[in-house]
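The values are calculated or read from the model by the stated rules, or taken from the named source; none is laboratory data. Since we're looking at a predicted model, the values are computed, not measured. All Cβ positions, even for glycine, are placed from backbone atoms using ideal geometry, and neighbour counts span all protein chains on display.
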Amino acid sequence: MREELAGRLRQLRDLTGRSLRELARDVHVSSSSLSRYFAGQAVPPWPTVVALCKAAGRDPRPLRELWERVKDGPQTSAAPAAPPVRNDLPHDISAFTGRRAELDVLLSAARSTSVVAIDGMGGVGKSALAVHAAHRLTAGFPGGQLYLDLHGFTPGRKRVEPAEALRVLLAALGLPPGRIPDGVAERAALWRSELATRRAIVLLDNAADADHVRDLLPGAGQSFVVITSRRRMVELDGVRPISLDVLPTEEAAELFVESAGGARPGDVGEVLRRCGNLPLAIRVAAARLRHRPAWTLDTLVERMREGELAVSDVFEMSLRQLDPAQRRMFGLLGLVPGDDVDAYAAAALAGIPLANARSLLEDLVDVHLVQEPAAGRYRMHDLLRQAARADATAADRVPAIARLGDYYLSGMLAVKELVEILIPLPVTVAQPPPALPDLSGFDTAVAWMDAEWVNLVAAFSLAVELRIDATAVGLGQFASISHARRGGTAQLRRWLEISMPAAERLGERRVLASHRYLLGAVLMRVGHLQEAAAELEAARVLMAAEGDLVAEAITLLQLAEIRLYTCETEGAVELLQQAAALRPPSEAVRVRVRAGLGLAMLQLGQLGEAREVVSEVIETARGLDRQTERMCVDVLGRAALGLGDAGTALDFAEQAVALNRLTGNPIFEAASLTDTAVALRHLGRAEEAAVRHAEAVRILERAGEAHRTVRSLLPYAEACLATGDPDEAAQHFRAALEIAAAHGLTYQVPAARAGLARVSRPVPGHSRNS
């Protein structure tokens, strides 16, 4: 009965001819609630049914009896809730007009085929049609609504290659980074497999050609993919094509009148001819009229006649209405390498006060030359971006991007002050931006960094391309702050490697030293210990030449950690003693060196001495920073466990988890969760231990941290073995061995193999613990 009611409600929805969001607004119900009602996942209140009938022009009374039976019938609340699904669709155009035949074909195709490709010239309305149809189809595809701009024809942007597109799409389906393979073929196979289990709609916007999307197509299943491109997809078998031409005159006129806010006396036909009947050009022209109440259509036509009969002249006509400051801002926005900017970035880009930038941005939004998809965020349509880039002078490009880079560097400097990084990062800001957002609080600063991450990536790539060396090096080094939290070590390694020539060209030893240090630290995180040691030693030599005792001591600490990984404990102690002898003028560094000595003593089996060394500085650490305190707490917990005091070890491990959560560092949190799991095992609380361990591995898999995943599995396997569960120990040892072998972590392979060798094979019919 519920499905019958849902079907009747979907009929009402189709009768309204409105998008899900429009309908939600009209009946005062959220889009997500309507989706559940249309899918039969929930029963709407009677007033909502009445409102839907009213919107469709139907009498609600014939539905009352069915609604009563469903409402009073057996409920399924005990069933597990469906997992949350993504809806990434852009906002639907509120005044979508025309394309009735094409829309009907597209909606019908969703019931009979799996892929539709919409092709047509730039500005013809491909994306608008695809997005509008996707919103109409949302209720019928409860498995998710995914959107990805492939940037096949975006001016100034590199297209999204299939490998990256597949990574983004798989992540949108909820797959952690650790489950996403590297190869395109492997990712494509996984994408088809995952999509086959869902009924989802996927919109692949702005594809370059058939090869661009071939690996993104679905296999078996009920999902529906819509592709838009300026090129026809004739090379793709089984794809339903929909080719868009310019709008018919009647529909073009309807679109113009709707967008202009109503008809005015004058010659609509000439306006449409000069717009080439292109929807985007029509909207731009109509916006000029809408925001000029004193104008008539003849006024608009007269302004358009000043140029030639070309679509670009519609943009030029709008540009001629701008004053010099507005026009300069428009041109500069075309140079932006990322998807969007905020007002602070725009002010830096133009080198003007924040208030002026905000005013200019609002002016450009008013005339539809710039979009504001979210409050305070500004972006351009592809065609307008192309016009803006053509309008900007070539001489503006490098200085503008340098100013924009200085804005992002200044913001990251503010973030650095709050995230407790001790290694000096001698980043140079040539021209401080006119203003920065409030980044005084930890949460606010980290949220800004996360929100701007895509733009930081784009600015870094363009700075490398344009050889804006200070920006390239600074953003490359600051990327370590974000990646320390989010994982993605492989990307950070690439950043540091491709910006290394820029660091060398700058000719500053302190800058080059920090760059080599960060690259060495990253190589150590991925388990390439020999390469890591070479970079760290090169960094140490430069730091010593500069007399930077803090940086040199931290580098010796990292080199000692490599020795501990390879069980060269005496060598690690020697390096730590060298670091202590430097007497670095940083109490936090001195305490961290003591914590390093404690770890070395643990590895030597000197448990009491390790506890004593760190106990002397733990109170000092608590007054410094959370990561220094966490390092000391780790040593004390592991020493307590080795001395047989699992309860104290658990207390310290839980303290470390809390400290890492306060600093928002999930990678270190996973290590502390592993320590918690090990202590719980020794206390006989195996079920709780398994939960903590699974949480740790899940964090590391999402971050793609193979090296740390193995370091989490090995101690947990040892704990299982020590507490009498060789079967589970073997499982963890085997997983550690497979990951270490697959990722070339050669130094971790012997420990995993040795662990497996110590686990005897079970005797059939007998318990290992008997």
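Overview of values
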| read-out | value |
| --- | --- |
| The stretch 417-438, residues that are free of Cβ contacts under 8 Å to residues at least 60 places away in the same chain and more than 27 Å from ALA513 (Cβ to Cβ) | ASP438 |
| Yes/no for ARG231 being in the same structural domain as GLY140 (by TED's automatic domain parsing), modelled with pLDDT under 90 and under 28 Å from ALA285 (Cα atoms) | yes |
| Criterion (within 21 Å of ARG590 (Cα to Cα), of a type outside the set (A, V, I, L, M) and either buried (at least 18 other Cβ atoms within 10 Å of the Cβ) or at pLDDT below 90 (or both)) met by exactly one of ASP625, ASP675 | ASP625 |
| Sole exception among (1) buried (at least 18 other Cβ atoms within 10 Å of the Cβ); (2) β-branched (Val, Ile, Thr); (3) modelled with pLDDT of 90 or more; (4) more than 20 Å from TYR565 (Cβ to Cβ) for THR663, by number | (3) |
| Unique residue being in the same structural domain as ASP469 (by TED's automatic domain parsing), assigned to a loop (DSSP other than H, G, I, E, B), among the aliphatic types (A, V, I, L, M) and under 23 Å from the mean Cα position of the chain (by Cα) when the list is LEU418, LEU404, LEU413 | LEU418 |
| Matching helices (runs of 4 or more DSSP H) fully within the stretch 273-365 where at least 2 residues are at negative phi and at pLDDT 85 or above | 279-290, 297-305, 324-333, 343-350 |
| Options ALA375, ALA414, ALA355; residue that is free of Cβ contacts under 8 Å to residues at least 40 places away in the same chain, surrounded by fewer than 21 Cβ atoms within 10 Å (Cβ to Cβ) and within 27 Å of ALA470 (Cα to Cα) | ALA414 |
| Helices (runs of 4 or more DSSP H) enclosed by the stretch 657-734 - at least 3 residues per element that are closer than 17 Å to ASP634 by Cα and in contact with a Phe, Trp or Tyr (Cβ under 8 Å, 6 or more places away or on another chain) | 666-682 |
| Qualifying residues in the stretch 234-272 (those that are assigned to a loop (DSSP other than H, G, I, E, B), outside the structural domain of LEU106 (by TED's automatic domain parsing) and of a type in the set (Gly, Ala, Ser)) - the one surrounded by the most Cβ atoms within 10 Å (Cβ to Cβ) | GLY266 |
| Segments classed as helices (runs of 4 or more DSSP H), wholly inside the stretch 531-617, with at least 1 members that are among the aliphatic types (A, V, I, L, M) and under 17 Å from LEU519 (Cα atoms) | 549-565 |
| Inter-residue pairs, beta-carbon under 7 Å, first closer than 11 Å to ASP119 by Cβ and in the stretch 229-245, second aromatic (Phe, Trp, Tyr), 6+ apart | ARG230/PHE153 |
| One residue from ASP182, ASP205 being within 30 Å of ALA390 (Cα to Cα) and outside any helix (DSSP H, G or I) | ASP205 |
| Filtered residues of the stretch 549-594 (kept if touching a Lys or Arg at 6+ places or on another chain (Cβ under 7 Å) and acidic (Asp, Glu)) | GLU552 |
